Amino acid sequence: MIVCLFFVNNPEILEKSIVAGALIQAFAMATIIYAIFYLKIPSLSPWIGFYFVLFLGTVSAVLTSLIDFNPHLSASGSIDWGIPSEGLFFATSVLRMFLFLITFLPLLIIFIQQFLKSEDAYVRTKTFGMIAALVFAFVISSLDFFLIGIFKLDPLWRDINSIILSVILIISLLASELICRKNLKSSQ
């Protein structure tokens, strides 16, 4: 989060940024589930899914606010969020992981279907980019959950993990864009 760059020495603001991040995630996931309902289940109101996920996301944010974080700089120079090993953190993490699964996996399936069905190279390239971004987000959140939350590794691993996966994502998106442009030139 950008907040970390400016308030690394202010633990109170960092703690509030964790809760704010959880609320932003709740709204984003509710919007994604709205789109999924709208695209794939038109017989049901998309607001049902939106409010259900928003409710669970808000519960997750409230539970996150009850966790006693202790953010500080670690010896490696990265932010150690001071995540306690209590059951409330684990329960909140499982709830947030559940929300990621019920939103990102159906959306990923929709994009894969679009990628396989489309004849247009431009559409295929763009859907490949969305598939790569969704896989990236899912891998990052999963590794954060397992590496940091469960195995209690040094927070520097989160940064290294994010850098490696970001480079892979950028390379794959650039490669798909180059392939798309090559296909467009050859078809003209």
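Below, the figures for the structure above:
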{"item": "Residue list for segment 130-182, restricted to those being among the acidic types (Asp, Glu) and either outside any helix (DSSP H, G or I) or modelled with pLDDT of 75 or more (or both)", "result": "ASP154, GLU177"}
{"item": "Number of the exception - VAL59 against (1) under 29 Å from ILE163 (Cβ atoms); (2) modelled with pLDDT of 90 or more; (3) surrounded by fewer than 17 Cβ atoms within 10 Å (Cβ to Cβ); (4) not small (Gly, Ala, Ser)", "result": "(1)"}
{"item": "Sole exception among (1) at pLDDT 85 or above; (2) of a type in the set (D, E, K, R); (3) farther than 28 Å from PHE37 by Cα for GLU86, by number", "result": "(1)"}
{"item": "Test: residue in segment 20-35 that is over 30 Å from ILE112 (Cβ atoms), modelled with pLDDT of 80 or more and not aromatic (Phe, Trp, Tyr)", "result": "yes"}
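The values are calculated or read from the model by the stated rules, or taken from the named source; none is laboratory data. This one's a predicted model, so the numbers in the text were calculated from it and none came from an experiment. As a convention, Cβ positions derive from the backbone with ideal geometry for all residues, glycine included, and neighbour counts pool all protein chains shown.
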